[in-house]
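Heads up: the structure comes next, in structure tokens.
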């Protein structure tokens, strides 16, 4: 039994009635593989996703049993209750309706490997090889230069060191990855429901991460560390980067998403509990987080999840992402709202993935209708960012220059990466022109922005260096 990330124990009994187990060897981190009488079983990420147990019974009889416990009876009861019933104060980022802080529909996939052995007991070396096949299965990959040449996953760069600025950026990327790699180990971000996620904000006063403070705790894909890790793997081909990205993909695609229930297809925003955020949004669950893993490995569980989220926008009919700001009276031609980013952009990521996997033109056309609605706004992509939205048709309706989240939200959740790929795929002059207009405006000075737009558009907080 692996009862924490730092300890396992082995117990043995005779199976006789009214007799106890005796304690055998103990250790730090089990390899997660058990061999008994010609059969071997292993549980992937055995110690990382504790509590875990491998068990055999009936070895002296005619029929033995091997069991793999993903959550064993010896473990503590699984506690999925909320951290608090009180809304967080405004000082605790992430205030909201605590009745929405429920785990209904979350999941966690685990992988079990079975090895059938022939006559004779395998050697230690053979058992270790079988264990590694389960914990670290072989993966066929291409050279980063090939991924870059064929524009896999859009627009990105290969590592370059030919200028001081590039050398600085490459070093920052490497150092940042190493920092988080060390933090996972130092802070013990392990356990069935936690492994693969990072914390959101560091507390300089307490010298710890804000694990107990509202929306400052678990990251839940906020600011797309998913894309950071996957693009870093594409650029470098590093196995340790892939391992961290794989763990994050498995966690965020399972635990942070509501797979069934009233919020099906949406994810929970960052919070003390992974499912605790009252904001249920498509940006957390969107397919662009996970399509890297799907295309690199063919993992059909992730394929199922990307199918689940293709219609996440339909859920917003009763889970409007801007419900705190707008109230509909039923006379509108739309039933909910969507910001150009991160709502509509996340839907586009879902639809783009559906279109490229199955050539499903329904979702391509849904994107086109959204583009037409945004293009009809006075400043096109610069307008909004809040729009009325009809999930059934995909149409976006201009409702003025309101921007409840600020213009930075239109860029900080993977929007550029999705938009650049769509520019390649759609081959639409209107879409191309809208992106060029947006990029040109973004880099203007505040005075130039004021001259070529109105004060509302110019004053939407373009200062964040996304």
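The values are calculated or read from the model by the stated rules, or taken from the named source; none is laboratory data. Everything numeric in this text was worked out from a predicted model, so none of it was measured. Every residue, glycine among them, receives a Cβ derived from its backbone with ideal geometry; neighbour counts consider all protein chains shown.
Taking the stated definitions as given, is residue 335 at pLDDT 95 or above, in the same structural domain as residue 399 (by TED's automatic domain parsing) and crowded, with 24+ Cβ neighbours inside 10 Å? No; evaluated as a whole, the condition is false for this residue. For the condition modelled with pLDDT of 95 or more and either assigned by TED's automatic domain parsing to the domain that holds residue 129 or in contact with a strand residue (DSSP E or B) (Cβ under 9 Å, 6 or more places away or on another chain) (or both), residue 100 does not qualify.
Matching residues to (1) surrounded by fewer than 24 Cβ atoms within 10 Å (Cβ to Cβ); (2) assigned to a helix (DSSP H, G or I); (3) touching a strand residue (DSSP E or B) at 6+ places or on another chain (Cβ under 8 Å):
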residue: 255; (1), (2), (3): no, no, no
residue: 271; (1), (2), (3): no, no, yes
residue: 276; (1), (2), (3): no, no, yes
residue: 283; (1), (2), (3): no, yes, yes
residue: 310; (1), (2), (3): yes, yes, no
residue: 313; (1), (2), (3): no, yes, yes
residue: 319; (1), (2), (3): yes, no, yes
residue: 324; (1), (2), (3): yes, no, no
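Here the condition is being in contact with a strand residue (DSSP E or B) (Cβ under 9 Å, 6 or more places away or on another chain) and at pLDDT 95 or above; of 347, 419, it holds for 347 alone.
Residue 16 satisfies every condition listed in (1) within 20 Å of residue 195 (Cβ to Cβ); (2) assigned to a loop (DSSP other than H, G, I, E, B) except (1). Residue check: residue 189 meets all listed conditions (1) buried (at least 18 other Cβ atoms within 10 Å of the Cβ); (2) more than 13 Å from the chain's Cα centre (by Cα); (3) over 30 Å from residue 391 (Cα atoms); (4) touching a residue at least 40 places away in the same chain (Cβ under 8 Å) but one, namely (4). When the stretch 162-211 is filtered for residues that are touching a helix residue (DSSP H, G or I) at 6+ places or on another chain (Cβ under 8 Å), outside any helix (DSSP H, G or I) and within 23 Å of residue 237 (Cβ to Cβ), the ones remaining, listed by number, are 196, 198.
Just one of (1) in contact (Cβ under 8 Å) with a residue 60 or more places away in the chain; (2) in contact with a strand residue (DSSP E or B) (Cβ under 7 Å, 6 or more places away or on another chain); (3) under 21 Å from residue 134 (Cβ atoms) fails for residue 48. It is (2).
Could we say that residue 349 is under 23 Å from residue 449 (Cα atoms) and touching a helix residue (DSSP H, G or I) at 6+ places or on another chain (Cβ under 6 Å) here? Answer is no for this residue.
Being touching a residue at least 12 places away in the same chain (Cβ under 8 Å) and in contact with a strand residue (DSSP E or B) (Cβ under 8 Å, 6 or more places away or on another chain) is a property that holds for residue 199.
When the residues of the stretch 350-386 are filtered to those that are in contact (Cβ under 8 Å) with a residue 24 or more places away in the chain and part of a loop (DSSP other than H, G, I, E, B), the one that is farthest from residue 460 (Cα to Cα) is 379.
For the residues 170, 149, 183, the requirement of being more than 30 Å from residue 42 (Cβ to Cβ), surrounded by 13 or more Cβ atoms within 10 Å (Cβ to Cβ) and modelled with pLDDT of 95 or more singles out 170.
Let's see how each residue does on (1) surrounded by fewer than 17 Cβ atoms within 10 Å (Cβ to Cβ); (2) over 26 Å from the mean Cα position of the chain (by Cα); (3) at pLDDT below 95:
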| residue | (1), (2), (3) |
| --- | --- |
| 389 | no, no, no |
| 393 | yes, yes, no |
| 406 | yes, no, yes |
| 410 | no, no, yes |
| 433 | yes, yes, no |
| 449 | no, yes, yes |
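Filter the stretch 212-227 down to the residues that are under 8 Å from the mean Cα position of the chain (by Cα) and part of a loop (DSSP other than H, G, I, E, B) and list them by number. Answer for the stretch 212-227, where residues must be under 8 Å from the mean Cα position of the chain (by Cα) and part of a loop (DSSP other than H, G, I, E, B): 220, 221, 224.
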